[in-house]
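One structure is given below, encoded as structure tokens.
Since every read-out is calculated from the coordinates, none of them should be taken as a lab result. The shown structure was predicted, so the numbers you read here are calculated from the model rather than taken from an experiment.
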Amino acid sequence: MHLDPLAIVTAFGLIFLAELPDKTMFASLAMGTRMRPLYVWFGTSSAFIVHVAIAVGAGSLIGLLPDWTVKLVSASLFGFGAFMLLRSGGGDDEDEDGAPKTVTGFWPVYSTAFMAVFISEWGDLTQITTANLAASNGTWSTAIGSAAALMSVSALALLAGRFIAKRVPLKTVQRIGGLCMLGLAIWSLVEIFTG
């Protein structure tokens with residue numbers, strides 16, 4: 001196993017910049033306002049690692065899945081996330097002392113975050129870029145740089161979500177997060193017909 005530091009830095013830089021404005025970052029931010037951020041990060045990071053492994057190991061697998069199917073499932077998951085956030089942002093999901101409930105438990109949060117990222121990242125620019133980099137810059141170096149970049153973007157989104165949640169009322173944050181998730185669902189549906 002040969003590691004090329006330049007290839008690691010190249011993969012990190014390209015993937016980090018490509019993922020920063022991506023819908024997965026916004027999904028992580030929204031999930032972080034409703035769920036335990038560390039659990040969300042474990043779920044998103046696990047999904048990213050699986051995607052990196054697939055991209056560097058067999059980038060051609062992406063082409064086997066119909067693009068419209070991936071986008072339709074992704075839109076459904078974002079739509080469900082929007083429904084959950086908007087429903088809870090409405091004020092009917094409170095306990096006796098008036099505090100909004102938070103989704104808890106490692107496995108429910110982990111699996112939600114994992115599936116949201118795992119499905120929505122199929123055929124994504126970062127996965128295709130990772131596959132291309134692996135072909136030219138080496139498998140392990142690209143895998144390390146890409147995984148580190150994706151996990152870093154997710155962590156930044158979750159930190160931003162927590163920062164916002166401390167300064168803005170939770171109901172407002174949940175409503176905005178729900179609207180963002182609804183926007184991502186619509187975006188995914190539009191991509192089916194325009195892509």
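Here are some notes:
- In order along segment 26-40, phi translates into HN-Hα couplings of 5, 5, 4, 4, 5, 5, x, 7, 10, 10, 5, x, 5, 5, 4 Hz, rounded to whole numbers, per the Karplus curve 6.51 cos²θ - 1.76 cosθ + 1.60 with θ = phi - 60° and x for Gly and Pro.
- Fraction of alpha-carbon pairs over 14 Å apart in segment 14-59 - percent: 59
- Estimated vicinal HN-Hα couplings, Hz - segment 119-127 in sequence order (Karplus 6.51, -1.76, 1.60; Gly, Pro = x): 6, 6, 8, 4, x, 5, 3, 5, 5
- Segment Ile192..Leu20, full-extension length gain: 59.7 nm, with 0.36 nm per residue of separation and the alpha-carbon distance subtracted.
- Computed over segment 101-195, Kirkwood Rh from alpha-carbon pairs, angstrom: 15.9
- Cα centroids of segment 1-60 and segment 136-171: 7 Å apart.
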